[in-house]
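Below is one structure, written out as structure tokens, with a few remarks after it.
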Amino acid sequence: MNSYLTTPIVPSHQVEEDLTSYLLDKITPFRVPEHQAWEAEAERLRVRVLDEVIFKGVPDDWRNGDPKAEWTDVIETGHGYLIRKLRYEALPGLCIPALLYEPDTLDGKVPAVLNVNGHVGPPGKAIDYKQIRCINLAKRGVLALNPEWMKFGELQGAGYNHNNAGYLDLCGIAGVSVFYLAMLRGLDVLLAHQHTDEDRVAVTGLSGGGWQTILLSALDTRVRLAVPTAGYIGLDYRVRNRGDIGDIEQNPADLATIADYPMLTAMLAPRPALLLYNQDDDCCFQTHRAKPSVYDPIRPLYEALGLDDAFQFHNNVDPGTHNYDLDNRQQFYRFFNRHFLSDTDIQDDEIPSDNEVLSEEMLMVGQPDHNADFVSLAAVQAKNLPESSFPTGAPDEIEHWQGEARDRLREVLRYPSMAVSKHQTSPMEAQDGYLIQRHQLQMTGGWHIPIVAVSKNDKHEETHIIITDKGREGATTYIPSTVDGNTCVLTADLLLQGECRPDVFPAHQWAMMASAAGERFLGIQAAQLAALIHWLPEQRITLTGAGPVSGVVTLLAAALAEIPIERIYLYDSLVSLTQLFEQPDQYDQMPSLFCFGLLKYFDIKELIALVAPTSVIVD
């Protein structure tokens, strides 16, 4: 490894400081809304979030489907309730196994609760604390639906890993829609039950179940009471605390540009809501962060509406860890009883039921063969993408296509205007037969980019820029054959490469937060390379991109820089973005490639056509 390429240039943790400042600048602080017109404003926000985030690009047959519930076995418990097994369709091809806890005796209309799951591991819907809660509800005369969640229980498998929802995002279909539809159709099942009282429907869950609770309850007013448990926090707090970031569904593309989580919490008003958090949570969302983020700012709205008792917060200290154990469950029962069962003989304390918890095997529902997952759903959609290809006609037709395609590309990438605003340059030194000079560029937006210039002499007529997925050290392979008396090589670390790859949080977590804030890391990377091209003195420029991400970034920058490029070399690049589907879980390794809607409009061949007449050599 050549030391002249690996000697640090930017200060330690500079990239984390850049990322934190950048994201916090994009997050709009929550402001308490005017209560007089709040319900109308909340409805306007619901429509926007549903259309522009949750169901963005979603096929009509997904959004407008029905659960098609298939009821199977019944477990007679002998304890005053029975358990009905069922499967329902979240969307065409994806069935959700579920359990309905139903009182033995039902007379008239009764309350119903959707009990959504979190990250509970292999037990899935059979996790003991969730069974106990559903049993307690059934013993109180309440219908309790317990659906499985993707990745757990009966829905395990690589394709269900949550970050694989990024494959749908790549196709221009909101991956978060799958999560939303899974809980939405569960709510449909509950409301279709002949004994459900539609005015007494609640949702609750822990962790990822708490996230599901706030999302569904904020966006669907058929939910009349919500009790999210340790499930969410504002994006500004996530930026500073890795444990609070969550998976991709908690950071869906563009959500925070319309309604961050404090606003979603406000959208519960005027309906009753109890927020449960844990003092010493060993997972995420500790009380001292969550309360000032999603409770304190919303409390004045409920007070202005005269609904002080309808919005409550509980800080669990026993055990105080990440839990929906006895104390939190009893807080839920009391709140639920007060608002939904106040005119009946109620019991706030938990009804002992530990000896009624059943095994995973006994609660197995079964699912159809080839049940869809995130990757398979995306692969089906990708077969017909991109929506249109480049023309092969007359030069003026091609030029017209290029102009329109570049405009579309800027939209997809949320392409920022970027330029070098400051730079620091080290003295030139001789090493390993080369002249070496290091630069630190500061670009608009606050980004710091390290660069190493390698040449044979201080006079040259051509600059060859090399970027690699491994950062500057990855350029070692290409420099000896590239540097000559007439050519200077610049190798740079762009965002997520080399020194610009963050250490504090994994790169994909930064990428998903940026996407939620309306930004696209792929667009930032391309803009950084284009700004570097513009910073150079006027001379011939050649580009090399080595690796799947760098190959795409190189083509994007060449297409949008509006400066002639002599030629482009691509090494170890993708032939098609659909190659990503051949192996699940690529999002965590190369998150910027999963730019929302990129494949909907562009594959590699379209990007190569965009840089014409520049020649592209693929090796």
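The values are calculated or read from the model by the stated rules, or taken from the named source; none is laboratory data. Just so it is clear, the structure is predicted and the values come from calculations on it, not from any experiment. All Cβ positions, even for glycine, are placed from backbone atoms using ideal geometry, and neighbour counts span all protein chains on display. These accessible areas exclude ligands, DNA and RNA; they are computed on the full protein's heavy atoms, side chains included. Shrake-Rupley method; radii C 1.70, N 1.55, O 1.52, S 1.80 Å.
List every residue pair whose Cβ atoms lie under 7 Å apart, where the two residues are 6 or more positions apart in sequence or sit on different chains, the first residue falls within the stretch 472-489 and is at pLDDT below 90, and the second residue, located anywhere, is surrounded by fewer than 17 Cβ atoms within 10 Å (Cβ to Cβ) and part of a strand (DSSP E or B).
Asn486/Glu462
What do you reckon, is Gly210 surrounded by fewer than 24 Cβ atoms within 10 Å (Cβ to Cβ), of a type outside the set (Lys, Arg) and not in a loop (DSSP other than H, G, I, E, B)? It would help to see each step written out before you state the result.
Numbers: surrounded by fewer than 24 Cβ atoms within 10 Å (Cβ to Cβ): no; of a type outside the set (Lys, Arg): yes; not in a loop (DSSP other than H, G, I, E, B): yes.
No: the conditions fail for Gly210.
Among the listed residues Glu397, Glu360, Glu387, identify the single one that is under 30 Å from the mean Cα position of the chain (by Cα), within 23 Å of Glu606 (Cα to Cα) and of a type in the set (Asp, Glu). Lay out the reasoning, then the answer.
On the way: Glu397 fails: under 30 Å from the mean Cα position of the chain (by Cα); Glu360 fails: within 23 Å of Glu606 (Cα to Cα).
Exactly one residue qualifies, and that residue is Glu387.
Out of Glu34, Glu17, I need the residue that is in contact with a Gly (Cβ under 9 Å, 6 or more places away or on another chain) and open to solvent by 30 Å² or more (accessible area, probe 1.4 Å). Which one?
Working: Glu34 fails: in contact with a Gly (Cβ under 9 Å, 6 or more places away or on another chain).
Exactly one residue qualifies, and that residue is Glu17.
Among the residues that make up the stretch 447-464, is at least one of them over 23 Å from Pro537 (Cβ atoms) and in a loop (DSSP other than H, G, I, E, B)?
So in the stretch 447-464, the residues over 23 Å from Pro537 (Cβ atoms) come out as none.
No, the stretch 447-464 contains no residue that is over 23 Å from Pro537 (Cβ atoms) and in a loop (DSSP other than H, G, I, E, B).
State whether one or more residues within the stretch 297-307 are part of a helix (DSSP H, G or I) and among the hydrophobic types (A, V, I, L, M, F, W, C).
Taking the stretch 297-307 first, the residues part of a helix (DSSP H, G or I) are 299-304.
Remaining after also requiring among the hydrophobic types (A, V, I, L, M, F, W, C): 301, 304.
The answer is yes, given that some residue of the stretch 297-307 is part of a helix (DSSP H, G or I) and among the hydrophobic types (A, V, I, L, M, F, W, C).
Would you mind finding the one in Ala557, Ala531, Ala507 that is open to solvent by less than 10 Å² (accessible area, probe 1.4 Å), small (Gly, Ala, Ser) and over 22 Å from Asp407 (Cβ atoms)?
Values: Ala557 fails: over 22 Å from Asp407 (Cβ atoms); Ala531 fails: over 22 Å from Asp407 (Cβ atoms).
The conditions single out Ala507.
Based on this model, can you work out whether Ser293 counts as among the polar types (S, T, N, Q), within 30 Å of Gln36 (Cα to Cα) and open to solvent by 20 Å² or more (accessible area, probe 1.4 Å)? If you could, list the steps in order and put the result at the bottom.
Working: among the polar types (S, T, N, Q): yes; within 30 Å of Gln36 (Cα to Cα): yes; open to solvent by 20 Å² or more (accessible area, probe 1.4 Å): no.
Considered against the rule, which asks whether it is among the polar types (S, T, N, Q), within 30 Å of Gln36 (Cα to Cα) and open to solvent by 20 Å² or more (accessible area, probe 1.4 Å), Ser293 comes out as no.
What are the pairs, 6+ residues apart or on separate chains, where a residue within the stretch 564-578 that is within 16 Å of Leu532 (Cα to Cα) and open to solvent by 20 Å² or more (accessible area, probe 1.4 Å) has its Cβ under 8 Å from a residue that is assigned to a loop (DSSP other than H, G, I, E, B) and not β-branched (Val, Ile, Thr)?
Close Cβ pairs satisfying both conditions: none exist.
Among the residues of the stretch 419-446, which ones are open to solvent by less than 30 Å² (accessible area, probe 1.4 Å) and either outside any strand (DSSP E or B) or under 30 Å from Leu599 (Cα atoms) (or both)?
Met443, Gly446
Identify the residue in the stretch 256-290 that is closer than 17 Å to Asp220 by Cα, assigned to a loop (DSSP other than H, G, I, E, B) and free of Cβ contacts under 8 Å to residues at least 60 places away in the same chain and, among all such residues, is least open to solvent (accessible area, probe 1.4 Å).
Restricting to residues being closer than 17 Å to Asp220 by Cα, assigned to a loop (DSSP other than H, G, I, E, B) and free of Cβ contacts under 8 Å to residues at least 60 places away in the same chain, the top hit is Leu268.
Looking only at residues in the stretch 60-80 that are in a helix (DSSP H, G or I) and of a type in the set (Asp, Glu), which one is farthest from Pro97 (Cα to Cα)? Spell out the reasoning first.
Kept after step one, since they are in a helix (DSSP H, G or I), are these residues of the stretch 60-80: 60-63.
Next, from what is left, pick out any that are of a type in the set (Asp, Glu): 60-61.
Numbers: Asp60: 23, Asp61: 20 Å.
Of everything passing the filter in the stretch 60-80, Asp60 is farthest from Pro97 (Cα to Cα).
Please specify each residue of the stretch 171-207 satisfying the condition of being of a type in the set (Val, Ile, Thr) and closer than 30 Å to Tyr587 by Cβ. Full working, then the answer.
Going through the stretch 171-207, the residues of a type in the set (Val, Ile, Thr) turn out to be 173, 176, 178, 189, 196, 201, 203-204.
The answer is Ile173, Val176, Val178, Val203, Thr204.
Tally up the residues in the stretch 534-554 that are polar (S, T, N, Q) and surrounded by fewer than 20 Cβ atoms within 10 Å (Cβ to Cβ), please.
Of the residues in the stretch 534-554, the ones polar (S, T, N, Q) are 539, 542, 544, 550, 554.
Applying the additional criterion that residues be surrounded by fewer than 20 Cβ atoms within 10 Å (Cβ to Cβ) yields 539, 542.
Final tally of qualifying residues: 2.
Which of the residues spanning the stretch 527-564 are of a type in the set (Gly, Ala, Ser) and out of contact with any Leu (no Cβ under 7 Å at 6 or more places or on another chain)?
Ala527, Ala531, Ala546, Gly547, Ser550, Ala561, listed by residue number.
Of the numbered conditions (1) basic (Lys, Arg); (2) free of Cβ contacts under 8 Å to residues at least 60 places away in the same chain; (3) buried (at least 24 other Cβ atoms within 10 Å of the Cβ), Arg222 satisfies every one except a single condition; which is it?
The one condition Arg222 does not meet is (3).
Any residue in the stretch 334-345 that is more than 21 Å from Val227 (Cα to Cα), among the acidic types (Asp, Glu) and assigned to a helix (DSSP H, G or I)?
No: the stretch 334-345 contains no residue that is more than 21 Å from Val227 (Cα to Cα), among the acidic types (Asp, Glu) and assigned to a helix (DSSP H, G or I).
May I ask you to list the residues in the stretch 228-255 that are open to solvent by less than 10 Å² (accessible area, probe 1.4 Å) and among the β-branched types (Val, Ile, Thr)?
If the condition is that a residue be open to solvent by less than 10 Å² (accessible area, probe 1.4 Å) and among the β-branched types (Val, Ile, Thr), then Thr229, Ile233, Val239, Ile245 are the ones that fit.
Of everything in the stretch 70-86, what is open to solvent by 40 Å² or more (accessible area, probe 1.4 Å) and farther than 20 Å from Asp354 by Cβ? Give them in sequence order.
Initially, the stretch 70-86 is screened for residues open to solvent by 40 Å² or more (accessible area, probe 1.4 Å), giving 70-74, 76, 78-79, 84.
Listed by number, the residues that qualify are Glu70, Trp71, Thr72, Asp73, Val74, Arg84.
Need at least 2 residues that are crowded, with 24+ Cβ neighbours inside 10 Å and in contact (Cβ under 8 Å) with a residue 60 or more places away in the chain per element, so show me which strands (runs of 3 or more DSSP E) inside the stretch 90-190 make the cut, counting only ones lying wholly within it.
Working: elements: 94-103, 110-116, 143-147.
Counting at least 2 such residues, we get 94-103, 110-116.
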